[in-house]
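Q: Sharing a structure below in structure tokens format, with a few things to ask.
The numbers here are math on the coordinates, done by the rules we state, and not lab data. Every value quoted in this text rests on a predicted model; they were computed, and no experiment measured them. Quick reminder, even Gly has a Cβ in these numbers, built from the backbone with ideal geometry, and neighbours come from all protein chains shown.
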Amino acid sequence: MGGKPARTIKSSTVSKPSESIVKTPVDTKGLSVSKSKDLSEWYTQVIQKAELIDYPPIQGFMILRPNGYALWERIQTTFNAVLAEKGVHNAYFPLLIPDSFFKKEAEHAKGFAPELAYIKGTEQGQLLALRPTSETIIYDSFAKWIRSWRDLPMKLNQWCNVIRWEVKQTKPLLRTREFLWQEGHCAFATQQEARANMREMLQAYKKLIEQELAIPVLAGRKSTAEKFPGADMSMTVEALMPDGKALQMGTSHSLKQEFARSFNISFLDQQGVQQGIWPTSWGISTRLLGGLVMVHGDDKGLVIPPRMAKQQIVIVPILFDESKVQVLTQARALRDSLHPFSVVIDDREGYSPGWKFNEWEMKGVPVRVELGPKDLAKQQVVVIRRDTGVKEIVPLGNVKTYIETLLETIQHDLYAKAKHFLDSQIVTASSLKELQKGIKERKLVKVYMVDDPRVEKKLKDATDGATTRLIEEVTKEGVCVQTGEKTYTLAYWAKSY
């Protein structure tokens, strides 16, 4: 089977812990559980049977199979274009980071200390850690590269893997000890520029996730307690999964100036005065793929939004000996006419049409086209959309126009369905009791809260480990559900992955 590069569609408005290395053969039949009955087991089966991931003989890690990596490549391709538009350049920095680098900024060091994994060897007498994030190793280079205001802004990004070893309960794509991501690191002359970059990249993430992955997100500031170690301000985009748990889909940070000063990064401004830079960092990861599976998948398997699909259309010819040549000839002509969409013909022998239908449904290909000798005689095809299963008989001469519109419709409808779910799950609480009730009912709960880590800690304990997902500044005054103080701060609370 072969395919063509996927066409870009126009914009429109859990797993068993990988601690277990006992591998059970994955059958090729349908799912044995319903998404609504057992989401965790359903997720485990989908990511394996759709051939997105596999389990390696290493605790807490995962193998991204070609189907899974293709989704990540779609994100890379799309977002690289965004980075280029914004003047961000891709680079690559070492996987190993001297331990002393993490200790140069106290808050950052404290935040990442539990997550650091070290190699056995040392370099010049000091331990080397596998990167959990790259601020420190990149800032060491910034100190050499930034000398004058003419060197700013400096905007770099790298696509890489990171290791965060504190993870105990893992879930492939959502939370693993190793994952793939992009991390942007920028340096600016002023805090105003840094804050603008933080917000700009957060909006870029929101647009990517909503328009390409068809997943609606809430965007806002992280609380003081939840912000990134070493950050002056952190912002986040949050999605809600079918089980009522929030999933952080991306973050963007304006970092403290002291962070850069600890690495002796400074520049001469236009008046010849030595100044410190204002840094930012921002990132998204393969966690986006786990969110895509959970939000859009159904009891037949994976559902891929058309803009994310490596294979947007599969043609399944119904073959009989006496008409095989004619049907295959028409199938190939149809494939060629559907350029520039990504089309594959499943002409494998030894598999029944029904078996093929089930396999492509499991893998989430957006549109299936069936073509048999009876269709050929009538100069028509049967077109089936993956998200709803609706079938339409379409004249051969109208197939391209019909499918072009259909792909747009599927993309729009997937987003609309997910947006309806998100909106329906957001509730407002005016007391601690109502907050606790909302969390127990697996809702995303809005409450007035004083943004203070001590207040947040008490509410976290009172809600059995729920956390603030983001903070919203409002103009209407309210009363904090914990302290009774007047405040203009709303906090969104939920359980999370």
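Q: State whether the range 364-497 is rounded, prolate or oblate according to the following rule on the C-alpha gyration tensor (a ≥ b ≥ c being the square roots of its eigenvalues): a/c under 1.5 gives rounded; otherwise a/b larger than b/c gives prolate, and the remaining case gives oblate.
A: prolate
Q: Evaluate the charge dipole of the range 427-494 about its Cα centre and quote only its size in Debye, nearest 20, assuming +1 on the Cβ of each Lys and Arg and -1 on the Cβ of each Asp and Glu.
A: It comes to approximately 280 debye.
Q: How high is the FRET efficiency between Lys103 and Thr190 when r is their beta carbon distance and R₀ equals 25 Å, given to the nearest 0.05?
A: Using R0 = 25 Å, I get an efficiency of 0.35.
Q: HN-Hα J couplings of the range 356-361 from phi, Karplus 6.51/-1.76/1.60, θ = phi - 60°, integer Hz, Gly and Pro as x?
A: 5, 4, 4, 5, 6, 5
Q: Just going by the charge dipole of the range 39-296, with Lys and Arg at +1 and Asp and Glu at -1 on Cβ, which of Leu255, Leu174, Asn157 is farthest out on the positive end?
A: Toward the positive end, the furthest listed residue is Leu255.
Q: Cross-link partners among aspartates and glutamates for Lys155, C-alpha distance below 20 Å, same-chain residues fewer than 8 apart left out?
A: In chain and number order, the partners are Glu85, Glu135, Asp140, Glu183, Glu193, Glu200, Asp232, Glu258, Asp269.
Q: Determine the dipole magnitude for the range 328-429: charges of +1 sit on the beta-carbon of Lys and Arg, -1 on that of Asp and Glu, nothing else is charged, the reference point is the Cα centre, and the result goes in debye to the nearest 20.
A: The dipole of the range 328-429 has a size of about 100 debye.
Q: Right, here's the next one. Return the sequence-ordered ³J(HN,Hα) values of the range 228-240 in whole Hz as given by the Karplus equation 6.51 cos²θ - 1.76 cosθ + 1.60 applied to θ = phi - 60°, using x for Gly and Pro.
A: The phi angles translate into 4, x, x, 8, 7, 8, 10, 10, 9, 10, 10, 10, 10 Hz.
Q: Going by how many other Cβ atoms sit within 10 Å of their own, how do Leu127, Leu338 line up, fewest first?
A: Leu127, Leu338
Q: Now, a different point. Out of the range 162-232, which GluC sites (Glu not before Pro) are coil in DSSP terms and have no more than 15 other C-beta atoms within 10 Å?
A: Glu166
Q: If amide hydrogens are placed 1.01 Å from N in the peptide plane, which non-local residues have theirs closer than 5 Å to the one on Thr190?
A: When sequence neighbours closer than 5 places are left aside, the close amide H contacts are Trp278.
Q: Next up: Please list, in chain and number order, the residues 5+ apart from Ile318 or on another chain whose amide H is under 5 Å from its amide H, with Hs placed from the backbone.
A: So Ile318 has HN proximity to Leu371, Gly372.
Q: Ok, one more. Is the range 119-278 rounded, prolate or oblate when judged by the Cα gyration tensor, a ≥ b ≥ c being the square roots of its eigenvalues, rounded requiring a/c under 1.5 and prolate requiring a/b larger than b/c?
A: oblate
Q: What order do you get for 276-288, 131-143, 30-42, 376-388 when each peptide is scored by the mean count of other beta carbon atoms within 10 Å, highest first?
A: 276-288, 131-143, 376-388, 30-42
Q: So if I take the alpha carbon set of the range 19-167, get Rg, then get Rh from the Kirkwood formula, what is the Rg over Rh ratio?
A: 1.07
Q: Still on this structure: For the range 311-406, compute the orientation-averaged projected area of the C-alpha convex hull (one quarter of its surface), in nm².
A: Mean orientational projected area (the range 311-406, Cα hull): 5.6 nm².
Q: Taking a ≥ b ≥ c as the square roots of the Cα gyration tensor eigenvalues, with a/c under 1.5 meaning rounded and otherwise prolate when a/b beats b/c, else oblate, which class fits the range 427-494?
A: It comes out prolate by the Cα gyration axes.
Q: Right, here's the next one. Filter the chymotrypsin sites (Phe, Trp or Tyr not before Pro) in the range 45-113 to those in DSSP coil with at most 16 other Cβ atoms within 10 Å of their Cβ, and list the result.
A: In loop regions of the range 45-113 (DSSP not H, G, I, E or B), the sparsely surrounded chymotrypsin sites (Phe, Trp or Tyr not before Pro) are Tyr92.
Q: Tabulate in residue order the Karplus-calculated ³J(HN,Hα) for the range 474-479, using 6.51 cos²θ - 1.76 cosθ + 1.60 with θ = phi - 60°, rounded to whole Hz; enter x for Gly and Pro.
A: Using θ = phi - 60°, the values come out as 10, 8, 8, 6, x, 10 Hz.
Q: Then there's this: Would you calculate, for the chain, the mean residue ellipticity at 222 nm contributed by helices, counting each DSSP H stretch of 4 or more residues as -39,500 (n - 2.57) and dividing by all residues, to the nearest 500?
A: When only DSSP H runs of four or more count, the value is -10500 deg cm²/dmol.
Q: Let me ask another. Projected onto the charge dipole of the range 58-137 (+1 at Lys/Arg Cβ, -1 at Asp/Glu Cβ, origin at the Cα centre), which of Trp72, Pro98, Tyr118 gives the Cα projection farthest towards the positive end?
A: Going by the Cα projections, it comes out as Trp72.
Q: Could you check what % of the DSSP bridge pairs in the range 405-497 are antiparallel, to the nearest 5?
A: In the range 405-497, approximately 80 percent of DSSP beta bridges are antiparallel ones.
Q: Which of the residue pairs Lys207/Lys476; Lys206/Lys458; Lys245/Lys486; Lys222/Lys457; Lys144/Lys227 have a Cα-Cα distance greater than 24 Å in the structure shown?
A: Beyond 24 Å: Lys207/Lys476; Lys206/Lys458; Lys245/Lys486; Lys144/Lys227.
Q: A follow-up question, please. Give me the distance between the Cα centres of the range 203-227 and the range 350-406, rounded to whole Å.
A: 35
Q: Assigning unit charges at the beta carbon (Lys, Arg +1; Asp, Glu -1) and nothing else, what dipole magnitude in debye, to the nearest 20, does the chain show about its Cα centre?
A: 280
Q: Note the direction-averaged projected area, equal to a quarter of the hull surface, for the Cα convex hull of the chain, in nm².
A: 26.6
Q: Which entries in the list Lys171/Lys417; Lys49/Lys168; Lys104/Lys460 go over 28 Å, if you measure between the two C-alpha atoms of each?
A: Correct reply: Lys104/Lys460.
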